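Structure, as structure tokens:
The values are calculated or read from the model by the stated rules, or taken from the named source; none is laboratory data. Everything numeric in this text was worked out from a predicted model, so none of it was measured. Heads up, the Cβs are rebuilt from the backbone with ideal geometry, glycines too, and the neighbour counts pull from every protein chain shown. These accessible areas exclude ligands, DNA and RNA; they are computed on the full protein's heavy atoms, side chains included. Shrake-Rupley method; radii C 1.70, N 1.55, O 1.52, S 1.80 Å.
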Amino acid sequence: LKCNFGPSHLGPCAASWHDGAQPMFTSLQLPSLAPRPVAVDVDSLEGRLAAANEEFQGMGRNNVAQAEACYRDLLVGAEQSLDPDNPDLLCAKNIFGMALRLQDKKDEAEALFRSALEASDSSSQTTAATDPRNHGKFSKEADKGAEELFVCQLRMNLAMTLKENSKNKREIETHFMQADDDLMALEATGILRGNDTVVLHFRQCYAEFLLQIKDVTGEGLWRDVLRIKAGLFGEEDRRTLACKQALAECLASIDLGRHTESNIPVDATGRRIRVDWRNSPIPANRAAGLLEEVMQVRENILAAANREEDAVLLEGTQVQLAKVLMNRSWPPDLPEGEMLLRHALDSRSRRLGAGDHTVLDLRWVLGACLSRQKKRDAAAVEFKICWEARRKLLGPKHPETRFAERYYRQTKRSC
């Protein structure tokens with residue numbers, strides 16, 4: 001989102017943390033900057049900040065390092081010389097924070113988002129309380145909407161950063177809820193739409209957080225995002241498939257209790273029947289249904305185009321589905337998992353060669369699946385291949401080599 005509110009629309013902040021008030025954050029420090037200069041040309045500095053914001057507001061991963069270097073230099077004088085709620089400074093902090101977050105420098109990013117949000121919130125409260133002209137700084141509805149949009153972006157960025165960087169689930173949830181409230185208000189006024197990219201990205205992130213704390217309402221929110229993406233891009237588009245697979249992988253991690261032989265589905269004669277994955281009350285089973293849908297589409301795409309990138313994606317989905325069927329779904333479907341692993345192993349071996357470490361890792365997973373089916377001779381073969389390969393690659397005394405050898409020998413003894 002581009003920050004497009006002008007300097008005239010944000011007045012000085014009388015109660016910001018730069019003016020001596022206690023900041024909202026005490027355990028984090030803003031990014032370290034070089035010693036501050038004695039004198040700064042404010043007009044020139046604002047111009048340089050505005051130019052940088054214009055250049056990097058559409059920033060991608062290919063120029064985050066350049067953005068970081070630029071803002072580390074600019075913010076040296078800006079924080080000393082400009083009002084804390086200066087719009088160019090706030091935009092700079094937001095973009096700098098995003099650049100840091102993309103480079104996994106989450107502590108610094110969090111501090112920047114908190115700082116910008118604190119200054120913006122304090123400015124809004126101070127102006128609303130003291131301006132006798134019916135909140136005069138928002139004399140134009142478009143200006144008010146632009147600022148609300150920017151603050152919403154700050155709230156979203158902070159919530160998503162906290163999700164990756166904090167263990168305080170209550171605080172994370174509070175920030176997500178505040179950002180989502182802002183989003184709904186902006187949607188109601190038409191400033192944002194539910195199918196805007198930034199909205200979809202945020203709501204998918206929010207849904208993932210809810211599922212991580214075992215709040216299954218996140219699944220409904222994520223399915224709404226998936227439905228919108230399917231309508232925008234098509235059911236077979238890579239973005240739709242990636243969204244569906246990510247939902248499945250998150251659902252598969254949810255464990256809502258133990259399952260026993262008593263709740264294995266059977267027919268009238270008492271024979272076990274295949275689980276209806278898509279309508280199962282067990283999240284991991286629904287995950288299996290989603291992965292099965294993704295796999296079928298990827299198989300069709302590979303058959304039509306026969307591109308290596310499609311083969312890689314199909315292998316990944318096959319392996320994920322196999323792991324869910326083996327370890328998370330109820331009841332486990334080990335034969336189906338074995339078949340999927342063999343398909344993925346065959347494809348990957350042809351692409352990368354039998355000695356590739358990812359091929360060997362896949363053999364290990366296959367060995368585990370075979371062992372759980374009491375196919376110990378076949379499992380021992382896979383474990384031995386892994387052990388011998390690690391001995392060559394890592395040496396006989398490497399911990400991973402010794403672990404593989406021990407696992408092979410234990411399996412061999414039980415044959």
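Computed values, structure above
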quantity	calculated
All positions within segment 168-226 that are open to solvent by 30 Å² or more (accessible area, probe 1.4 Å), among the small types (G, A, S) and part of a helix (DSSP H, G or I)	A185, A188, G220
Pairs where the first residue, in segment 389-407, is farther than 18 Å from A368 by Cβ and the second is part of a helix (DSSP H, G or I), C-beta under 7 Å, 6+ apart	R391/T401; L394/E400; L394/T401; G395/T401; H398/R390
All helices (runs of 4 or more DSSP H) inside segment 45-130 with 3 or more residues being over 17 Å from N157 (Cα atoms)	64-81, 106-130
Condition met for P399 (under 28 Å from I282 (Cα atoms), of a type outside the set (A, V, I, L, M, F, W, C) and out of contact with any helix residue (DSSP H, G or I) (no Cβ under 8 Å at 6 or more places or on another chain))	no
Failed item, numbered, when L394 is tested on (1) modelled with pLDDT under 95; (2) open to solvent by less than 30 Å² (accessible area, probe 1.4 Å)	(2)
All positions within segment 51-110 that are crowded, with 21+ Cβ neighbours inside 10 Å, in contact with a Ser or Thr (Cβ under 7 Å, 6 or more places away or on another chain) and more than 24 Å from D143 (Cβ to Cβ)	R101, A109, E110
Segment 156-174 residues that are in contact (Cβ under 8 Å) with a residue 60 or more places away in the chain, paired with ones that are surrounded by 13 or more Cβ atoms within 10 Å (Cβ to Cβ) and acidic (D, E) (beta carbon under 6 Å, 6 or more apart)	T161/E110
Single condition C152 does not satisfy, out of (1) surrounded by fewer than 13 Cβ atoms within 10 Å (Cβ to Cβ); (2) more than 22 Å from L226 (Cα to Cα); (3) at pLDDT 95 or above	(1)
Count of residues meeting criterion [in contact with a Leu (Cβ under 7 Å, 6 or more places away or on another chain) and closer than 12 Å to D224 by Cα] in segment 189-203	3
Given (1) open to solvent by 10 Å² or more (accessible area, probe 1.4 Å); (2) modelled with pLDDT of 95 or more, index of the condition R274 fails	(2)
Qualifying residue in segment 371-378 (condition: open to solvent by 60 Å² or more (accessible area, probe 1.4 Å), assigned to a loop (DSSP other than H, G, I, E, B), of a type in the set (K, R) and at positive phi)	yes
Boolean, V216 is at pLDDT below 95 and over 13 Å from the mean Cα position of the chain (by Cα)	yes
Cβ-Cβ under 6 Å pairs, at least 6 apart or on other chains, segment 237-256 side open to solvent by 60 Å² or more (accessible area, probe 1.4 Å), far side among the hydrophobic types (A, V, I, L, M, F, W, C)	R239/F233
Output for segment 344-365, where each listed residue is part of a loop (DSSP other than H, G, I, E, B) and small (G, A, S)	G353, A354, G355
Neighbours by Cβ (under 8 Å, 6+ apart or cross-chain): first from segment 326-340, open to solvent by 20 Å² or more (accessible area, probe 1.4 Å); second of a type in the set (A, V, I, L, M) and in a loop (DSSP other than H, G, I, E, B)	W330/I264; W330/V275; W330/I282; D333/V275
